[in-house]
Amino acid sequence: MNKDAQMRAVINQKLIETGERERLKELLRAKLIECGWRDQLKAHCKALVPDSVKKELLQRIRAFLAQHASL
């Protein structure tokens, strides 16, 4: 391992041990939601799903609902 990789490993371990890594992840998640980034990413991903995949999934959902009509 080179020095940079060793330093990253030490820092990462310390972040995990102290719980700071989870706090930073939660902060990042909240900030991304706050600025609308997550919604933008979701919309972008939805736009990339081919119509054929959407249609097939919708057909499978309809078939499931038909089999479980008591829902």
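Kindly list the number of the only condition in (1) at pLDDT below 95; (2) assigned to a helix (DSSP H, G or I) that fails for SER70.
Every condition holds for SER70 apart from (2).
Yes/no matrix, rows are residues, columns are (1) in contact (Cβ under 8 Å) with a residue 60 or more places away in the chain; (2) open to solvent by less than 100 Å² (accessible area, probe 1.4 Å); (3) among the basic types (Lys, Arg):
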site: ALA9; (1), (2), (3): no, yes, no
site: ASN12; (1), (2), (3): no, yes, no
site: ILE16; (1), (2), (3): no, yes, no
site: ARG23; (1), (2), (3): no, no, yes
site: LEU41; (1), (2), (3): no, yes, no
site: CYS45; (1), (2), (3): no, yes, no
site: LEU48; (1), (2), (3): no, no, no
site: SER52; (1), (2), (3): no, yes, no
site: ALA63; (1), (2), (3): no, yes, no
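Filter the stretch 41-67 down to residues that are over 26 Å from the mean Cα position of the chain (by Cα) and either within 30 Å of ARG29 (Cβ to Cβ) or part of a loop (DSSP other than H, G, I, E, B) (or both), then give me how many there are.
0
The values are calculated or read from the model by the stated rules, or taken from the named source; none is laboratory data. Keep in mind it's a predicted model, so treat the numbers as computed, not measured. Here Cβ is always computed from backbone atoms with ideal geometry, including for glycine, and neighbour counts include all displayed protein chains. Heads up: the accessible areas ignore ligands, DNA and RNA and are worked out on the full protein's heavy atoms, side chains in. Shrake-Rupley method; radii C 1.70, N 1.55, O 1.52, S 1.80 Å.
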